[in-house]
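Working notes, beginning with the structure itself.
Values in this text are rule-based calculations from the coordinates and carry no lab data. Keep in mind it's a predicted model, so treat the numbers as computed, not measured. A quick note on method: Cβ atoms are made from the backbone with ideal geometry, for glycine too, and the neighbour counts reach across all protein chains shown.
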Amino acid sequence: MNSGCVVRVGVCAMPKKVHSEPMRKILGELVSSGVGSFCLVFFESRTLFEQPVQEWPLCDALIAFYSEGFPLERVVAYAELRRPYCLNSLREQQTLLDRAKVYQVLVRHQVPVPRHVVVRHQDGWACDSRFLEHDDYIEWDGVRLYKPFVEKPVDAEDHRVCIYYAKPLYGCRRLFRKTASLSSVFDPECRRVRRCGSFIYEEFIPSEHQSDIKVYAVGPEYAYAERRKSPVVDGIVERNTVGKEVRFPVELTAAERRVAATITTAFGQFVCGFDLIRHADGSSFYVNDVNGFSFVKGSEAYYRSCGRILADHLARECLGRSRLGDGPPGV
Ligand SMILES: Nc1ncnc2c1ncn2[C@@H]1O[C@H](COP(=O)(O)OP(=O)(O)OP(=O)(O)O)[C@@H](O)[C@H]1O
Ligand SMILES: [Mg+2]
């Protein structure tokens, strides 16, 4: 440890994230901010996956976040044992893995979400009489949704989102994790919803500029936003000459900024990305996805702001207190 180090900040995530350019730049800003004296404690893969949590390094604050393959349960056990201040609540990261729970939290906090139902299909075509399917709508327990509607796996890590269209288009657009050039394909043969697994069905919101808005909040007072072409338009990814996806900075309205603050607090995620759709008629907006810890790629201004805000926040949370052993439950 550096002799002048006052706050040990643990960095605990999958190696690909820890070594990414945004993460390196944000952490660089944090330690060089001049606010407090921070040193970084990196949790190696071997530690995360092999060592018992009792042997993991100590820290005062923990920046830990889930991405595919991350051993969340082990990190929760570590945080319960050592009780560092957790920048992003680990318990709530479990909530983020379930889209139905995410919508429940949003609704409870009066955040606008698309009108939706959660349907847990029994396996195969075994019928639940509460679920009805017609050419142009579905009905669940008396609630009817007309096409176009969106079908999303409850499992938030499953990105096979489908949009079903009524005649004359009649068919389904299947979304998937973006490749270099494609984000979705239209399947004219697919006219019936999936019957295996648990899904959210929700109204399709036509969006302003046919775009998604990606919001990156850092604490309740700062949010950076940009818009990108929605994958539902035609599935063709717009890229610039150096292969980066085309995006435009967006100024959030006061109501949208309030929602960003609400989301960071409601999910206990100080650094939190989420998706927002502005209705094409300009009348309203909806939050359709909360992603937890994620950062803007390629914006030096964002890296600077994010690093500074983290430095201020962690200094406030950690300085002047010894948290090891007796800190508040930050898990
Ligand atoms: N209710 C809706 N109305 C219109 N379009 C929607 C709706 N819900 C989702 N979409 C579109 O589908 C895309 C994928 O949905 P969503 O963001 O919920 O899934 P995801 O696979 O978790 O995304 P991510 O890649 O952000 O994790 C959105 O970016 C948006 O373009
Ligand atoms: Mg999304």
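Restrict the search to region 41-77; then list the GluC sites (Glu not before Pro) that DSSP places in a loop and that have at most 13 other Cβ atoms within 10 Å of their Cβ. Mind showing how you got there, number by number?
Details: sites: Glu44, Glu50, Glu55, Glu68, Glu73; in loops: Glu44, Glu68.
Here the GluC sites (Glu not before Pro) that fit, given the DSSP loop and packing criteria, are Glu68.
Taking θ as phi - 60°, what are the ³J(HN,Hα) couplings along region 207-217 by the Karplus curve (6.51, -1.76, 1.60), each to the nearest whole Hz, with x for Gly and Pro?
Once θ is set to phi - 60°, the couplings for region 207-217 become 9, 4, 6, 6, 10, 8, 10, 9, 10, 10, 8 Hz.
Using every pair of alpha-carbon atoms in the chain, split the distances into 10 Å bins beginning at 0 and state the percent of pairs per bin, rounded to integers.
Bin by bin from 0 Å, the calculated values are 5, 23, 31, 23, 13, 4, 1, 0.
To check you understand DSSP bridge types, tell me what percent of the beta bridges within the chain (both residues inside) are antiparallel, rounded to 5.
On the way: 55 of 66 bridges.
Antiparallel bridges make up about 85 percent of those DSSP assigns within the chain.
Return the sequence-ordered ³J(HN,Hα) values of region 15-20 in whole Hz as given by the Karplus equation 6.51 cos²θ - 1.76 cosθ + 1.60 applied to θ = phi - 60°, using x for Gly and Pro.
For region 15-20, the Karplus-derived couplings read x, 4, 6, 4, 8, 5 Hz, x marking Gly and Pro.
For Lys101, list the lysines whose Cα falls under 29 Å from its own Cα; do not include residues on the same chain fewer than 8 positions away.
Straight-line reach from Lys101, under 29 Å: Lys16, Lys17, Lys147, Lys152, Lys178, Lys214, Lys229, Lys297.
Could you estimate the translational diffusion coefficient of region 116-203 from the Stokes-Einstein equation, with Rh from the Kirkwood formula over C-alpha pairs, at 37 °C and 0.692 mPa s, in whole µm²/s? Numbers along the way, then the final one.
Values: Rh = 13.4 Å.
Reported coefficient: 245 µm²/s.
In whole Å, how far is the Cα centre of region 79-103 from that of region 18-47?
Here the two parts' Cα centres lie 21 Å apart.
If you stretched the chain out fully between Arg108 and Phe42, how much longer would it get, using 0.36 nm times the residue separation minus the C-alpha to C-alpha distance?
Working: separation 66, 0.36 × 66 = 23.76 nm, distance 3.61 nm.
Between Arg108 and Phe42, full extension yields an extra 20.2 nm.
Take every Cα pair under 8 Å in the chain that's 6+ residues apart, average their separations, divide by the length, and report that relative contact order as a whole percent.
Over the chain, the number comes to 22 percent.
Within region 175-261, which GluC sites (Glu not before Pro) sit in a loop by DSSP and count at most 14 neighbouring Cβ atoms inside 10 Å? Provide the component values of the computation, followed by the final result.
On the way: sites: Glu189, Glu202, Glu203, Glu208, Glu221, Glu226, Glu238, Glu245, Glu251, Glu256; in loops: Glu189, Glu221, Glu238, Glu251.
Sparse-neighbourhood loop GluC sites (Glu not before Pro): Glu189, Glu221, Glu238, Glu251.
Over the Cα atoms of region 214-331, each weighted equally, I'd like the Debye log10 I(q)/I(0) at q = 0.11, 0.13, 0.16 Å⁻¹, rounded to two decimals.
-0.45, -0.61, -0.85
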